[in-house]
Structures are given as C-alpha cells and as structure tokens.
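Have a look at the structure below before the remarks.
Only the coordinates and a few stated rules stand behind these numbers; no lab work does. All values reported here derive from a predicted model rather than from experimental measurement. Cβ sites come from the backbone with ideal geometry, for glycine too, and all protein chains shown count toward neighbours.
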Amino acid sequence: MISTNQLKNGNHIEVDGVIFKVVESQHVKPGKGGAFVRTKLRRATDGNVIDKTFRAGEKFRSVRTEGRRMQFLYADGTDAHFMDVESFEQFAIPEGKVAEELRWTKPNDEVDMLFMDGEPGGIQLPSSVELEVTQTEPGLRGDTASGGGNKPATLETGATIQVPLFVNIGDRVKVQTETGEYMSRA
C-alpha cells in the first residue's frame, strides 16, 4: 500500500480498480480543516488526465511497474505486435492503447515497454525521434531558414507534422514526441 504522503510524480497507483500514473501531486494544508492532496492522474488504459483530490493519509494499492526492451514488429489495424528482444516471446496489444506512441515508431524499432503488474501497459518513448519526410509540397525558390511559414509533411510512420518551408521529401527531421513539433533537420 502507498499513502498520499508518499505520492511522487511517475508513481503508478490503483484507485477504484483503475490504474493511474501520477502526473502531478501537491500537498495542501489549509489554515482551517484537514490537509489534503491535489493530484493530476493519467489513466493507464486510455491516457486521459483527470484531477482528483484525496484526504491526507489515504492509502492506495501500489502498482508494480517494470520496463522491458521490445521490438515493434507491425500493426495490423486492430493490434500492435511486439517481440521481447531477450526471450523472443511475441504478444499483441490493442492498437488504440498505444496509437499515440506508434505515430513515432517504425516497424523493427526497439522500444521500452512498460509492464504494470505483469501486463503490457504502454510504450515509453524517447524525448525526440528522427524520421524521414515521405510527402510534402516542394520548397519554392526563396524559402530560407529565416523566412517564416510552415507546411504539412507526412513522415515515414504516417504521422503528419508542420515543418518549415525549406524541408523537402527525403530529408530527415527531428520531432519532439510529446508535442509532435518539428525541432530541426537531422
């Protein structure tokens, strides 16, 4: 069991039978009344973030988490298939559960899979990835790095992002995985 006093960002807890990741927690001790803990929790099943307030000292079941190195094999429209790089065991996760992470993952890429209580829970992405541009409008003469403006570009994973006008098909770009923003040419 874990108490509200021990909550830290990144912990996984079970509240009312649902597993959450603690995104933010703040202990509040008002001048009048009992102390409480204000939290932001991300639901492990679908990634929704909720605000929840708990009384100080409330207890939850702590969820055992483990990260394992996996290879992303392919997605077939309903499931995403992975293989453990050590045991070569293969398994499938519903694609909707990891759809956001798959936008930045190519087949055969190695990823860190987070397991919660022995069940696969999600993919931990690096802060940025380098991907190739497969489709975009051609850059026009006079489009420079300092000239403002963006255009849509499709990456090799199928994700679409906004890139500067000077980026062309075949260029490798660095993308921030959390926001999906263009960072630089790779």
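Given a 10 angstrom Cα cut-off, can you work out which residue in His27, His81, His12 is the most mobile in a GNM of the chain? Among His27, His81, His12, the largest mean-square fluctuation in the Gaussian network model of the chain belongs to His27.
From the Cα gyration tensor of the stretch 57-103, with a ≥ b ≥ c the square roots of its eigenvalues, which class applies: rounded if a/c is under 1.5, or else prolate if a/b is larger than b/c, or else oblate? Write out the running numbers ahead of the final one.
Details: a/c = 3.07, a/b = 1.61, b/c = 1.90.
Since a/c reaches 1.5 but b/c is at least a/b, the shape of the stretch 57-103 is classed as oblate.
First check a/c for the chain, with a ≥ b ≥ c the square roots of the eigenvalues of its C-alpha gyration tensor; if it is under 1.5, answer rounded, and if not, answer prolate when a/b is larger than b/c or oblate otherwise. Judged from the Cα gyration tensor, the chain comes out oblate (a/c at least 1.5, b/c at or above a/b).
With an 8 Å Cα cut-off and a minimum separation of 6 or more residues, compute the relative contact order for the chain in percent. Mind dumping the intermediate values first?
Working: 399 pairs, mean separation 25.7, N = 186.
In percent, rounded to a whole number, it is 14.
With a Förster radius of 25 Å applied to the beta-carbon distance between Gln176 and Asp51, the computed FRET efficiency rounds to 0.50.
Placing +1 at every Lys and Arg Cβ and -1 at every Asp and Glu Cβ, with all other atoms neutral, what dipole size does the stretch 2-62 have around its Cα centre, in debye to the nearest 20? Walk me through the numbers before you get to the answer.
Numbers: 12 positive and 6 negative charges, 43 e Å.
Once rounded to the nearest 20, the dipole reads 200 debye.
Counted residue by residue at 0.36 nm each, then reduced by the alpha carbon distance between them, the extension gain from Glu14 to Asp79 reaches 20.9 nm.
Given +1 on the Cβ of Lys and Arg, -1 on the Cβ of Asp and Glu, and no further charges, what dipole in debye does the chain carry about its Cα centre, rounded to the nearest 20?
Details: 23 positive and 28 negative charges, 249 e Å.
Approximately 1200 debye in magnitude.
Please give me the summed charge of the neighbours of Glu86: other residues whose Cβ is under 15 Å from its Cβ, Lys and Arg +1, Asp and Glu -1.
Numbers: positive: Arg68, Arg69; negative: Glu66, Asp84, Glu89, Glu110, Asp112.
Surrounding charge for Glu86 is -3.
Need the full-extension length gain, Asn168 to Lys151, defined as separation in residues times 0.36 nm minus the C-alpha distance. One decimal, nm.
Working: separation 17, 0.36 × 17 = 6.12 nm, distance 1.05 nm.
Taking Asn168 through Lys151 to full extension adds about 5.1 nm, to one decimal.
Think of the stretch 27-176 as a dipole: +1 on every Lys or Arg Cβ, -1 on every Asp or Glu Cβ, centred on the Cα centre; then among Gly34, Met83, Leu114, Gly34 lies furthest on the positive end. The label-point distance for Thr160 and Gln90, in a model that sets each label 7 Å from Cα toward Cβ, rounds to 3.2 nm. Helix content alone sets the calculated 222 nm mean residue ellipticity of the chain: runs of n ≥ 4 DSSP H residues at -39500 (n - 2.57) each, divided across all residues, give -500 deg cm²/dmol. Result for the chain in a Gaussian network model with C-alpha springs under 10 Å: among Glu89, Glu14, Glu100, the largest mean-square fluctuation is at Glu89.
Modelled spin-label separation between Met1 and Asp117, with each label point placed 7 Å from Cα along the Cα-to-Cβ direction: 1.7 nm.
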